[in-house]
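Reading through the C-alpha cells given below for one structure.
The values are calculated or read from the model by the stated rules, or taken from the named source; none is laboratory data. Here the structure is a predicted model, which means the values were calculated and not measured. No Cβ is skipped: glycine too gets one built from the backbone with ideal geometry, and neighbour counts run over all protein chains shown. Surface accessibility is based on the protein's heavy atoms, side chains included, excluding ligands, DNA and RNA. Shrake-Rupley method; radii C 1.70, N 1.55, O 1.52, S 1.80 Å.
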Amino acid sequence: MQRIDHPLLSPSLGSHKSLSSFHFGPPASASKSGLKIYIQASLHAEELPGMLAAYHLRPLLEAAEAAGQFAGEVVLVPVSNPIGLAQRLDHKPMGRFELDTSENFNRHYPDFAKEVLPAIQGQLGADAAANVRVVRAAMADHLASWKPSTELQSMRKTLLTLAHDADIVLDLHCDCEGVLHFYCEESCWPQLAPIAHFMGSRTILLAKDSGGGPIDECLSGTWWRLAEALKKLGLDHPLPQGCCTTTIELRGELDVTHAYAAQDAKAIFSYLEHLGVLATGNTPAVPAPLCQPTPLAGSETLRAIGAGVVVYAAEPGQTLNKGDLVAEVINPVEGVAERVVAGVAGVFYARIRDRYVTAGCEIGKIAGPTAFRTGPLLGD
Ligand SMILES: [Zn+2]
C-alpha cells in the first residue's frame, strides 16, 4: 500500500489542507484483471458511515496485498472532503455546502465529454479498448491543464485526477435517516448490480443524467455522452461505458456503528473478489436481490404544506401504498395536524433528521415504480 498526501490550494495565509489517498495492488494496466477501482467516502462531510467503512476496508485490503492477492488496482480515499469536514457553525457540522460559495460539494463537476470530444475525434478507431485509452488520456490532459483558482476547485481536481481512469467508482454517502440505497446511471447498472446485492440494497434508483453535475455522473456521463456525440457526428467507433459509477447511501447519518461498517467493508471486498480484482481463491456468490431498480424520476419527495413538528407514522424501509399516512405536521398554535400521505406506492427509503419543518420542507422520499418527474432529479 502506498499513501499519497495531496496538498490543496491554500485559500488563506497560513491555511493548508490536504487529501490522502491509499493505493493498493499493481497499476491496472500491469495487472491480471486490468481493472482499477476507486472508492471514496464522505464527500458530503457529515455523512460518516462511509468513512468508518473505509477504516474497516483498509486492513482487509492490506491483508490481501500481503498475501499477494491483488490482480487489479484499488484506490481508497477515506476522507474525500477535508474542507467540509472542518466547517462548523453554531456547534453543528456543515459538510454539504462550502460556506464560502454555498456550492454543494457534490455538484458542479465538469462535463468531460464536451471538453475532450474535439481532442479524441481523430484518434479513435475500431478497437474499443484502444478507444477507452484514448478517452482516458484526453481526460488526463484536460485535468492537467485545469488551473484551479480556489481550494474547492483544487479538491475537485484532485478527486477527479485520482478517479478519472477507474473502471468502477464507488462514492460512499448516506441519507439523513434511511435504508441502504443506490443511485446509479442506467448505463452502469449491469456492472454494479452485484455490489448492490452484496450490500443488501433496499432501494436502487436509476437515472440518465440527474442534473447538477455530481462526481459519479461526471465520470459515468463522460462515456455515454461521448458515445452519443460520436453517433451524432456519424462516427461509428465503438466506445463502451469505460467507467461505471454509483453513489451508495449507507443508511442514515447516525448509522455509524462498527457492525454496519464491517458488514459494508466485507460487501465491498466480496465485490472486488467477484470482479477478479482480488484473487483470493474465493468467488463469492452474489446474494439474491432485496429489491428491483426503480426510476429516480419515480421517486416522490414528500413535502409539508405548513410549518410544524413532524411526527412520523412510517419507518424507513417500510413499503407504503398510495394514500398511506407517512407523517403528521403538528401546528400547536392552531391546534391542527396536517397529514402527509404517500402519493405513490413504494419503499419509504429516506426521511429527514430534524423534527421541525418550515413551510414546503421535505419530509421524506418514496421509491415509486413509475417515472413522473422531469428536470433536475437530485435534491439540493
Ligand atoms: Zn451525500
| request: Filter region 8-55 for residues that are in contact with an Asp or Glu (Cβ under 8 Å, 6 or more places away or on another chain), within 16 Å of the ligand (Cβ to nearest atom) and either more than 21 Å from C244 (Cβ to Cβ) or modelled with pLDDT under 95 (or both) and give the result. | output: E46, E47, L48, P49
| field | Flag for F182 being under 24 Å from L35 (Cβ atoms), within 16 Å of the ligand (Cβ to nearest atom), open to solvent by less than 20 Å² (accessible area, probe 1.4 Å) and aromatic (F, W, Y) | value | yes
| Does G68 satisfy the condition of being of a type outside the set (A, V, I, L, M, F, W, C), open to solvent by less than 50 Å² (accessible area, probe 1.4 Å) and either at pLDDT 95 or above or within 28 Å of I352 (Cβ to Cβ) (or both)? | no
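Okay, residues lined up against (1) without any contact (Cβ under 8 Å) to a residue 40 or more places away in the chain; (2) under 29 Å from the mean Cα position of the chain (by Cα); (3) assigned to a strand (DSSP E or B):
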site	(1), (2), (3)
E300	no, yes, yes
G306	no, no, no
V310	no, yes, yes
P316	no, yes, no
V329	yes, no, yes
V333	yes, no, no
R339	yes, no, yes
| field | Residue in region 84-106 that is farthest from the ligand (Cβ to nearest atom), counting only those that are open to solvent by 30 Å² or more (accessible area, probe 1.4 Å) and in contact (Cβ under 8 Å) with a residue 60 or more places away in the chain | value | D100
| request: Please find, among L159, L205, L172, the residue that is surrounded by 22 or more Cβ atoms within 10 Å (Cβ to Cβ), within 10 Å of E249 (Cα to Cα) and either modelled with pLDDT of 95 or more or within 16 Å of the ligand (Cβ to nearest atom) (or both). | output: L172
| Taking region 85-111, which residues are charged (D, E, K, R) and under 22 Å from the mean Cα position of the chain (by Cα)? | R96, E98, E103, R107, D111
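Pick out, from region 153-231, the strands (runs of 3 or more DSSP E) lying fully within it that include 2 or more residues that are among the aromatic types (F, W, Y).
181-185
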| request: State which residue is least open to solvent (accessible area, probe 1.4 Å) when the search covers only region 259-282 and only residues that are among the small types (G, A, S) and part of a loop (DSSP other than H, G, I, E, B). | output: G276
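Please pick out the residue among I330, I305 that is farther than 26 Å from D255 by Cα, surrounded by 14 or more Cβ atoms within 10 Å (Cβ to Cβ) and out of contact with any helix residue (DSSP H, G or I) (no Cβ under 8 Å at 6 or more places or on another chain).
Exactly one residue qualifies, and that residue is I330.
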| query | Can you name the number of the only condition in (1) assigned to a helix (DSSP H, G or I); (2) within 15 Å of the ligand (Cβ to nearest atom) that P59 fails? | reply | (2)
| field | Counted residues, region 352-380 - those being of a type in the set (V, I, T) and not in a loop (DSSP other than H, G, I, E, B) | value | 3
| request: Tell me which residues, restricted to region 185-202, are farther than 21 Å from D255 by Cβ and open to solvent by 10 Å² or more (accessible area, probe 1.4 Å). | output: E186, S187, W189, P190, Q191, A193, P194
| Mind checking whether some residue in region 244-258 is surrounded by 15 or more Cβ atoms within 10 Å (Cβ to Cβ), away from the ligand (no atom under 16 Å from the Cβ) and more than 20 Å from the chain's Cα centre (by Cα)? | no
